Amino acid sequence: ADGYAGFEELYRSGRITEVACLAHIRRKFFDIAKATGSAVATEAVARIAALYAVEAEARGQPPDTRVEIRQAKARPVFDDLISWLQSELPKISGKSDLAKAIRYALTRMPRLEVYLSNGHLEIDNNAAERGMRGLAIGRKNWLFAGSEGGGHAAAIAYTLIETARLNDVDPQAWLCDVLSRIADHKITQIHELLPWNWKA
């Protein structure tokens, strides 16, 4: 997640572990580098790119292999990035956008570090944001769901569709098949119709 303060309550119980998003950290430096040509921001983007290069190598590997690759190749880059940012911060104006970006990164990086030792975690939340993009765009097209019940029904439909997509199942084919079969399907075997078990 990004650094939205509203999420803090979710993490307070300890049942949910926060994993920060490197894309949000990178975006701040990228915007500054593009707007001002700042050498520090440009260097930060390059160092972050090195972490993404390791992820490209680890992608598709089993979780334990991902951890091995990350520990061997990403951990030194990650730690060096933090040290470098800490050394750069005192050299620039504390009120500048670059200083704000560095402080944001230094706050978020310890919360991102967990990805290095857990191969099930991603380096950013881009996949989740891509999944929500259609909803965010659609929100402008259908401002209201009509009622609270309509909103609840829409949430169920979105969840079913995105769950099918996450399991590499065509949502339309899956829903059509399941809706045509579910009335006669044994309740004790309902798990067979879930997207990750579904056979057309």
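The values are calculated or read from the model by the stated rules, or taken from the named source; none is laboratory data. On a predicted model such as this, the values are computed, not experimentally measured, just so you know. Don't worry about glycine lacking a Cβ; one is built from the backbone with ideal geometry, like all the others, and counts go over all protein chains shown. Areas reflect the complete protein model, heavy atoms only, side chains present, ligands, DNA and RNA absent. Shrake-Rupley method; radii C 1.70, N 1.55, O 1.52, S 1.80 Å.
Apolar share of the accessible surface for the stretch 5-124: 55 percent from carbon plus sulfur atoms, 1.4 Å probe.
Can you sort TYR104, TYR158, TYR4 by 1.4 Å-probe accessible area, starting with the largest?
Working: TYR104 50, TYR158 75, TYR4 135 Å².
Ranked list, largest accessible area first: TYR4, TYR158, TYR104.
Cross-link partners for LYS28 among the lysines, with Cα-Cα distance under 28 Å and sequence neighbours closer than 8 places in the same chain left out: LYS73, LYS91, LYS95, LYS100, LYS140.
In the chain, helices alone account for a calculated mean residue ellipticity at 222 nm of -19500 deg cm²/dmol, with every DSSP H run of four or more residues adding -39,500 (n - 2.57). When the charge dipole of the stretch 5-124 is built from unit charges on Cβ atoms (+1 for Lys and Arg, -1 for Asp and Glu) and taken about the Cα centre, the candidate among ALA35, ALA58, ILE16 whose Cα reaches farthest toward its positive end is ALA35. Taking every protein chain into account, the 1.4 Å probe leaves GLU122 with about 90 Å² of accessible area, to the nearest ten. Computed on the Cα atoms alone, the convex hull of the stretch 5-124 gives a volume of 109 cubic angstrom per residue.
Separation of the stretch 25-78 from the stretch 174-189 is 45 Å, based on Cα centroids.
So if R0 is 41 Å, what FRET efficiency would ASP2 and GLU148 give, r being the distance between their Cβ atoms, rounded to the nearest 0.05?
On the way: r = 28 Å, r/R0 = 0.69.
So, using R0 = 41 Å, E works out to roughly 0.90.
Between VAL114 and ARG75, the simple label model (points 7 Å from Cα in the Cβ direction) yields a spacing of 1.9 nm.
In terms of the Cα gyration tensor, with a ≥ b ≥ c the square roots of its eigenvalues, is the chain rounded because a/c is under 1.5, prolate because a/b exceeds b/c, or oblate? All intermediate terms of the calculation are to be shown ahead of the outcome.
On the way: a/c = 2.62, a/b = 1.81, b/c = 1.44.
Prolate, since a/c reaches 1.5 and a/b exceeds b/c.
Which shape class applies to the stretch 58-109: rounded if a/c is under 1.5, otherwise prolate when a/b exceeds b/c and oblate if not, where a ≥ b ≥ c are the square roots of the Cα gyration tensor eigenvalues? Could the numbers behind the result be given before it?
On the way: a/c = 4.84, a/b = 2.82, b/c = 1.72.
Cα axes put the stretch 58-109 in the prolate bin.
PRE reach from TYR158 (point 7 Å along Cα→Cβ): which of the stretch 1-39 fall under 19 Å by backbone N? Output list for this probe position: 1-2, 4, 6-7.
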